[in-house]
Amino acid sequence: MTEPNLIDGADDSVGDGDGPAADPRGWVLPRTVSVSDLGPFAEPISEHNGQAIAVKPLTNHPGWLAKLYRPDQHPEDAHRLDLLISAPGTLPEADRAALYAGTCWPAARIHEPGNPAVGCVIPMAPEQYRSELRRGEFSERRFVEIDWLAKSDESIRGVGLPPPGFAGRLAACRQLTELAAILESLGLVYSDWSFSNAFWSPDQRSVYLIDVDGCQPKKMPDIHQPNWADPLTPPGTDADEYTDRYRLGLLVAKCMTGRRDARAFHTVAASPWQNQPAVSEVLLDMLLATDRERRPSAAQLNQALNSGPYLRTAPRPTRTALPPLPAMIPQSPAGTDTAVKKRESAPTVEIQKPPTTPHGGWILVLVIAVILLFVIASNH
């Protein structure tokens, strides 16, 4: 993979709206379009989510969406969007195809008088990322978020999805890290590596990254994400490529292990992947290095996931200790033979009545005698 680094080598003339974008996704349109050029919008499929006030399908262009931003966007957003829209043209053909196939990369900037960055035109995620999810007696066809990969195969099978197994998890994480490496090569910070910003196709063993129009060059505000905080990016500072590396490593560790908490770290440390021996080492350096700038790159993780070597440019970084394991109450999975056998072999406990004392009958006779004496005395 080459490293064009769009941001450092950007041409200020890029994004002037002249000529169509070189986009193979089925609709050739200028890099900048007015709201009126797009025709009518359908009802929004999403509202007030992050930087967008709404995401609306384009009635005249099936499969395409208008992502409309809040009116308080930064004045430089128009230029930033133009850079993103032009970025695929700087990539080798294979990387460009991967970016278009695996992300909702923006195709055009939407403008109107007085507002150069109304929003952007993006493709809708392909239908292959929708599946029928069963929950009890009910089912719903919806986009499958990648957080399902951070669960066990049994949990995934329980909602009607085919369990990925090791091969499916590996394929998804290979594509995820390939996309991350392309963004890193362009000098872009994504920051949003988390469960909610990527879809997963169990059948195709592929992933689809969303909200990529928020990428920024070199750094961006670090929005707090519960359970995804980088311990070496202090609160109030910007996210950068090293923040991205930590969050990407955390996402891959959770998806590869099917664990959502500190157990993911411990499973990685146990080096369970015999055919990819470098994966554990790369992930542990991404997650535990005490020097954030010593975290390995997305490309190094992708190479390890593809059975390649981990070539450090310096001695192994010092690592922090593994986080403590959560307190767990051992339980057998419901419905397993082990659980049944345990129930069958459990000792039977009988509830017994308190034993009667040998003096109980004499006490009763004495009480009756006292009552009779009291009655006789009353009559006299």
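The values are calculated or read from the model by the stated rules, or taken from the named source; none is laboratory data. Computed from a prediction, not measured in an experiment: that's the story for all the values here. We place every Cβ from the backbone using ideal geometry, glycine too, and count neighbours over all the protein chains shown. Surface accessibility is based on the protein's heavy atoms, side chains included, excluding ligands, DNA and RNA. Shrake-Rupley method; radii C 1.70, N 1.55, O 1.52, S 1.80 Å.
What to note about this one:
- Some residue of the range 228-241 being under 25 Å from Tyr129 (Cα atoms) and either assigned by the TED database to the domain that holds Ser152 or crowded, with 19+ Cβ neighbours inside 10 Å (or both): yes
- Among the residues of the range 11-30, none qualifies, meaning not one is at pLDDT 90 or above, under 17 Å from Cys215 (Cβ atoms) and not assigned by the TED database to the domain that holds Ala172.
Here's the yes/no breakdown for (1) touching a helix residue (DSSP H, G or I) at 6+ places or on another chain (Cβ under 6 Å); (2) not small (Gly, Ala, Ser):
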site: Leu99; (1), (2): yes, yes
site: Thr103; (1), (2): yes, yes
site: His111; (1), (2): no, yes
site: Ala117; (1), (2): yes, no
site: Ser131; (1), (2): no, no
site: Lys151; (1), (2): no, yes
site: Glu154; (1), (2): no, yes
site: Pro162; (1), (2): no, yes
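- Odd one out for Gln204 among (1) of a type outside the set (Val, Ile, Thr); (2) assigned to a strand (DSSP E or B); (3) out of contact with any Cys (no Cβ under 7 Å at 6 or more places or on another chain): (2)
- Per the listing Leu83, Leu65, the residue uniquely within 24 Å of the chain's Cα centre (by Cα), buried (at least 20 other Cβ atoms within 10 Å of the Cβ) and closer than 25 Å to Leu179 by Cα is Leu65.
- Just so you know, in the range 298-313 the residues that are free of Cβ contacts under 8 Å to residues at least 40 places away in the same chain, open to solvent by less than 60 Å² (accessible area, probe 1.4 Å) and within 18 Å of Leu287 (Cβ to Cβ) include one that is farthest from the chain's Cα centre (by Cα), and it is Tyr310.
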